[in-house]
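Here is the structure we will look at, set down as structure tokens.
Each reported figure results from applying straightforward, stated rules to the coordinates on display, with no laboratory input. Small disclaimer: the values here were computed from a predicted structure and weren't measured. Glycine also receives a Cβ, built like all others from the backbone with ideal geometry; neighbour counts cover every protein chain displayed.
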């Protein structure tokens, strides 16, 4: 797979992730139960494409825990603070990835990388400027925790580029399904809600991570966190088309900034220094390097 095809996979994954806001509106149920059942359905979907191993490595378990923590903490953050705060603080993940990838992967961020991070963060702030509020501080910290967990997920998946990143995704969905199980008792959702749950599990999570796990083998961890930033831009677009909830002027401006940053990442491949296991910086890495 070429780098540009991997980026197309990342964009497609972000497109499927962005359907979450619309599909969740179809489901009338406890949000933690929704997250759990969505993950259970995703497990069944992923089993159609690969056979998980029963013996797990430590890295696969850590990746699974990071995945489950991302999902559960984000749901909790949405209950404890505003949705805008939760999304913005979770999408601080590229900053954490930039720091972690140098330490754990030897992928040293370049000036172009940091410029992209700053551009995306500024775009996110503009995007949610009309909706931001101090919110509940506990909820804000939980949202930050979700962003840190998402960063660890990206890095651990990248660390498995020569193995099977889907293993961690599958395990993470199992963990998330178990976490949501206690909230599934009581009245069951109706027909429209069940349709929404199936689409959430198969398309919004299952298909998206199937593509993401393939793409992360060919792009650096920071790119794997920056390119899907179109997801929060597309999310309100689907809600607007379906329910007429229009975004504000700052949201449109911020969305334009984010899309511009993603455009730069797609059309301008940056060279980047990789630290080999010996600890000294190596040569710049491009498409021809083994990843």
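What is the order of 55, 265, 3, fewest Cβ neighbours within 10 Å to most?
On the way: 55 5, 265 22, 3 17.
Lowest to highest Cβ neighbour count: 55, 3, 265.
Suppose each label sits 7 Å from its Cα in the direction of the beta carbon; what would the residue 130-residue 178 distance come out to in nanometres?
Calculated label separation equals 4.3 nm.
At 222 nm, what helix-only mean residue ellipticity would the chain give, in deg cm²/dmol to the nearest 500, using -39500 (n - 2.57) for each DSSP H run of four or more? Show your work: numbers first, answer last.
Working: 14 runs with 189 residues, N = 291.
Calculated mean residue ellipticity at 222 nm is -21000 deg cm²/dmol.
Order of 155-163, 209-217 by packing, highest average Cβ count within 10 Å first?
Values: 155-163: 20.6, 209-217: 22.7.
Per-residue mean Cβ counts within 10 Å order the peptides as 209-217, 155-163.
Enumerate the residues in segment 213-253 having an amide nitrogen under 18 Å from the point lying 7 Å beyond the Cα of residue 5 toward its Cβ.
Those under the cut-off are 213-220.
Compute the length gained on full extension between residue 110 and residue 243: take 0.36 nm times their separation in residues and subtract their Cα-Cα distance, giving the result in nm to one decimal. Can you show the working numbers first?
Details: separation 133, 0.36 × 133 = 47.88 nm, distance 4.16 nm.
Extra length from residue 110 to residue 243 when fully extended: 43.7 nm.
How much length would be gained if the chain were fully extended between residue 263 and residue 163, taking 0.36 nm per residue of separation minus their Cα-Cα distance, in nm to one decimal?
Working: separation 100, 0.36 × 100 = 36.00 nm, distance 2.95 nm.
The span from residue 263 to residue 163 would gain 33.1 nm if fully extended.
Over all directions, the average projected area of the alpha-carbon convex hull for segment 133-261 comes to how many nm²? Write down the numbers at each step before the final one.
Working: hull surface 41.6 nm².
Approximately 10.4 nm², given one-decimal rounding.
May I ask for the distance between the Cα centers of segment 140-210 and segment 75-115, given as a whole number of Å?
With segment 140-210 and segment 75-115 each reduced to a Cα centre, they are spaced 18 Å.
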